[in-house]
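*Asks:* First the structure, which I've put down as structure tokens, then a few questions once you've had a look.
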Amino acid sequence: MAAGSAAERRRLGRLSALSVYRLAAGAGRPERRRAGGKRAKARPRRGEAGGGGPEPKALPEPKASAPVSRVERAKAPAHSPEVKRQRGLAESSGEGGGVAGLLRRLGLLNDSRQRAAELFRWLLAPVSPAEFMRRHWERAPLLLRRGDPSYYAGLFSTADFDAALRSGEVQFGTHLDVTSYAEGVRETHNPSGRALPAVVWDFYQNGCSLRLLSPQTFSHAVWHFLSILQEHFGSMAGANTYLTPPGTQGFAPHYDDIEAFVLQLEGKKHWRVYSPRVDAEVLPHFSSANLTQAELGEPMLETVLEAGDLLYFPRGFIHQGDCLPDAHSLHITVSSYQRNSWGDLLEKLLPAALHMALEEDVEFRQGLPMDYLGYMGVANSDKIDARRTAFMEKVQSLMKKLVDYAPIDAAVDQRAKSFLHDCLPPVLTQSEKLRSVYGFPARWQDGGPCNVDILITKDTEVRLLHHGIIRLCNEEAGVMLYYTMENSRVYHKEEPKFLELGPEYIDSIEFLLSSYPNHISVEALPCETLEDKISLATLLFEKGILTTKKPLVQV
């Protein structure tokens with residue numbers, strides 16, 4: 001923005017970043033949303049649950065207005081057996097506590113599926129995953145009070161937030177939103193360009209909330225955490241982080257289209273959660289617009305989250321959060337199950353079923369009655385006519401018959417293909433790296449390359465790096481093996497990665513999947529010739545899909 005007169009430049013020099021933004025944007029600023037207006041659609045996101053609400057006030061005691069049967073409120077005293085077991089995951093072998101120790105401990109497990117299950121168990125402790133799925137998943141909120149401010153230590157912090165800003169890679173709008181919500185007005189104050197610390201922290205100092213989109217782009221710990229958890233969900237696991245100044249709120253009440261796990265990292269935040277108001281808001285396919293306070297009614301749950309606590313609520317549950325006057329709040333929302341419903345599967349399945357039926361069944365290709373326009377349609381819906389009855393019965397008969405042509409497994413494979421494109425790339429342990437192409441010691445030395453040859457023999461023992469990193473899909477162009485190893489930490493920055501395989505290799509891929517997590521010799525692969533076995537193993541090793549039991553080159 002170019003200032004005009006010298007007086008104008010002096011005046012701007014005394015304004016905060018928020019004031020400059022408002023002056024520059026004026027009446028035409030890009031986003032000023034009153035509650036009830038359309039909420040701007042976010043970038044494809046890995047998690048969203050913000051905060052909002054009226055002017056915050058001190059609460060004498062957190063309370064819940066819902067019946068106990070609807071909201072689980074679990075206390076987790078530090079001496080409880082489950083918390084001790086989960087803390088042991090993070091502290092065993094002298095590796096230290098917090099999330100870093102937990103992730104190192106999980107890396108000692110041989111099976112990536114077990115790592116994912118244990119991480120999910122840790123996330124929900126002291127509630128068991130079985131109880132959570134039975135009582136809460138897609139049904140009702142869950143509030144966990146752990147009384148342990150260090151439970152999430154090492155996952156993400158305000159220091160990590162500052163480090164991301166200082167990296168110079170954070171862009172307003174793309175990675176960071178500056179928001180406020182006051183007197184029923186929800187605003188986004190994003191300038192254009194790079195989000196430099198001096199500008200961002202000035203916005204924060206003037207009462208704006210900061211939402212860092214997809215912190216896994218900047219934080220190795222968040223990337224590692226989500227890359228494990230996504231295998232448990234079988235659906236994209238994402239996250240956003242929210243930093244809110246004391247006594248403020250950044251978001252209007254709304255509901256989301258994701259399953260939300262709110263992890264309170266620092267400070268504390270006052271939350272209110274409301275049940276879906278009508279059936280159409282139960283497990284919605286899309287997030288809501290901003291809502292007004294008058295539209296909400298009484299909350300089913302009202303509480304203050306403190307560091308180490310967790311709040312889960314299903315998609316469709318309206319929520320708002322605001323900071324109390326005496327503390328800032330930093331939380332991360334871990335999310336999953338966006339567009340992962342039966343309806344989303346049917347969106348792929350039904351067109352494919354109809355395509356097959358048209359190809360294989362003459363009944364679907366027979367012509368419609370010449371006079372059907374005269375007795376069908378809304379204008380004729382109240383008429384009693386035998387031809388209408390026959391027409392409706394015919395459609396119902398064809399719909400039932402369509403099920404016989406539904407390629408259910410192929411449709412599931414296409415869903416899996418989309419999921420693999422959504423996935424974060426896996427984070428390798430040091431042991432996995434040493435036994436994979438990523439730790440292969442090829443280098444330039446003494447005037448030329450050395451340790452270049454990947455020598456896989458019939459006796460080399462191999463296995464998949466992780467179970468969830470590949471998917472076979474039988475497509476029109478041939479059999480494709482999709483994989484996640486070359487995905488980006490930035491959502492869909494890369495196109496889907498795949499190898500086209502000849503039919504002679506399909507059994508070997510299925511054998512590798514069924515054998516995991518055990519190692520098998522290359523000679524055991526069910527290819528026709530030894531040359532094919534070695535060629536396939538070498539290709540998969542070079543793509544990072546296979547690891548060997550021992551490093552191929554001892555350095």
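The values are calculated or read from the model by the stated rules, or taken from the named source; none is laboratory data. It should be emphasised that the depicted structure is a prediction, and the values quoted were computed from it without experimental measurement. Quick reminder, even Gly has a Cβ in these numbers, built from the backbone with ideal geometry, and neighbours come from all protein chains shown. Ligands, DNA and RNA are excluded from the accessible area calculation, which covers all protein heavy atoms including side chains. Shrake-Rupley method; radii C 1.70, N 1.55, O 1.52, S 1.80 Å.
*Asks:* Being of a type in the set (D, E, K, R) and modelled with pLDDT under 95 is the filter here; which residues of region 495-527 pass it?
*Replies:* Glu504
*Asks:* Hey, another quick one. I'd like the full set of residues that are open to solvent by less than 40 Å² (accessible area, probe 1.4 Å) and either β-branched (Val, Ile, Thr) or touching a residue at least 24 places away in the same chain (Cβ under 8 Å) (or both), limited to region 344-381.
*Replies:* Listed by number, the residues that qualify are Asp344, Leu345, Leu349, Ala352, Ala353, Ala357, Asp361, Phe364.
*Asks:* Among the residues of region 393-416, which ones are open to solvent by less than 90 Å² (accessible area, probe 1.4 Å) and farther than 30 Å from Tyr482 by Cα?
*Replies:* Lys394, Val395, Ser397, Leu398, Lys401 - these are the residues of region 393-416 that are open to solvent by less than 90 Å² (accessible area, probe 1.4 Å) and farther than 30 Å from Tyr482 by Cα.
*Asks:* In the list Pro149, Pro129, which residue meets the criterion of being surrounded by fewer than 20 Cβ atoms within 10 Å (Cβ to Cβ), under 19 Å from the mean Cα position of the chain (by Cα) and not hydrophobic (A, V, I, L, M, F, W, C)? Can you show your working first?
*Replies:* On the way: Pro149 fails: under 19 Å from the mean Cα position of the chain (by Cα).
Answer to the selection: Pro129.
*Asks:* To continue, here is another question. In region 448-460, is there at least one residue being closer than 29 Å to Arg415 by Cα and either open to solvent by 40 Å² or more (accessible area, probe 1.4 Å) or outside the structural domain of Glu231 (by the TED database) (or both)?
*Replies:* If we filter region 448-460 for residues that are closer than 29 Å to Arg415 by Cα, which is where we start, we get none.
Looking for residues that are closer than 29 Å to Arg415 by Cα and either open to solvent by 40 Å² or more (accessible area, probe 1.4 Å) or outside the structural domain of Glu231 (by the TED database) (or both), one finds none in region 448-460, hence no.
Yes or no, residue by residue, for (1) open to solvent by 10 Å² or more (accessible area, probe 1.4 Å); (2) closer than 22 Å to Pro126 by Cα:
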position: Tyr255; (1), (2): yes, no
position: Leu263; (1), (2): no, yes
position: Glu298; (1), (2): yes, no
position: Ser329; (1), (2): no, no
